[in-house]
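Coordinate-derived values only; no laboratory data. If you're wondering where the values come from, they're calculated on a predicted model, not measured in any experiment. Quick reminder, even Gly has a Cβ in these numbers, built from the backbone with ideal geometry, and neighbours come from all protein chains shown.
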Amino acid sequence: MTLDDIAQDIRTHTGCGSEPCETCRNFVPGEGPADARVVIVGEAPGASEDRTGRPFVGNAGKLLDSLLEAAGLLREDVFITNVVKARPPGNRDPKAPEVAHHRPWLEAQLEIVEPDLVVPLGRHALRHFAAGAQISKVHGTLVGERLFPLYHPAAALHNPRLRETLIADARALGAQLQQKN
Ligand code: URA
């Protein structure tokens, strides 16, 4: 099984009955190299991602690019994906059964990449890795062996203070990665 196999499986599966899968324009499986040291995990694609089939290409994605730069990383060196691989209608939050339907694909991606750090963005993505953890408490810190949560960049788009926190956390992420060398 390769990352391409997983992407193909996501794009071609039919009849699951899950609303995002039925209504999206494009699936967004995620992208990046199989030997990435960092996997970034968002919640679900938005409108720009739905249009292009690529993760984090809208405004939140531009901020993510700055965060990667602050961490000393190149976008093409990290694997970027979402918990849910299809845009929920109207950008609503994914429902629990939808998350459960998509979760095996995320697990399979993580099994292949085996990153040094998994970076959930925001509280929804964090919940899948550390139920009960609060993003306001754990952002910018190592949780367990390899979890390094950050606030979701979309939350910082209109909040300059949060943006400063995110940039500082991204630098801490870079430092953490150095330590793991
Ligand atoms: N927000 C997300 O959580 N994921 C994307 O791919 C884009 C915006």
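Modelled spin labels at Met1 and Gln134, positioned 7 Å past Cα toward Cβ, are 3.6 nm from each other.
Between Glu164 and Arg51, the C-beta separation translates, for a Förster distance of 30 Å, into a calculated FRET efficiency of about 0.50. Each residue, Ala100 and Glu76, gets one label point 7 Å from its Cα in the Cβ direction; the gap between the two is 4.1 nm. The mean sequence distance of close C-alpha pairs (under 8 Å, at least 6 residues apart), as a share of the length of the chain, puts its relative contact order at 25 percent. If R0 is 25 Å, the Cβ-Cβ spacing of Asn26 and Glu114 corresponds to a FRET efficiency of close to 0.35. Distance from the alpha carbon centroid of segment 138-156 to that of segment 66-103 works out to 14 angstrom. Using a simple spin-label model with pseudo-atoms 7 Å out from Cα toward Cβ, Thr141 and Cys16 lie 3.4 nm apart. Counting only residues at least eight positions apart within a chain, or on another chain, the aspartates and glutamates with an alpha carbon under 12 Å from that of Lys180 are Asp116, Glu145.
Given q = 0.08, 0.14, 0.20 Å⁻¹, what are the Debye log10 I(q)/I(0) values for the chain, with equal point scatterers placed on the Cα positions and solvent ignored? The calculated log intensity ratios at q = 0.08, 0.14, 0.20 Å⁻¹ are -0.22, -0.70, -1.48. Which residues does a label at Glu69 reach in segment 40-62, if reach means a backbone N under 12 Å from a point 7 Å past the Cα toward the Cβ? From segment 40-62, the list is 62. Per-residue ellipticity at 222 nm from helix content only, as computed over the chain with -39500 (n - 2.57) for each DSSP H run of at least four residues, stands at -14000 deg cm²/dmol. A Förster radius of 41 Å, combined with the Cβ-Cβ distance separating Asn59 from Asn181, puts the computed FRET efficiency at roughly 0.80.
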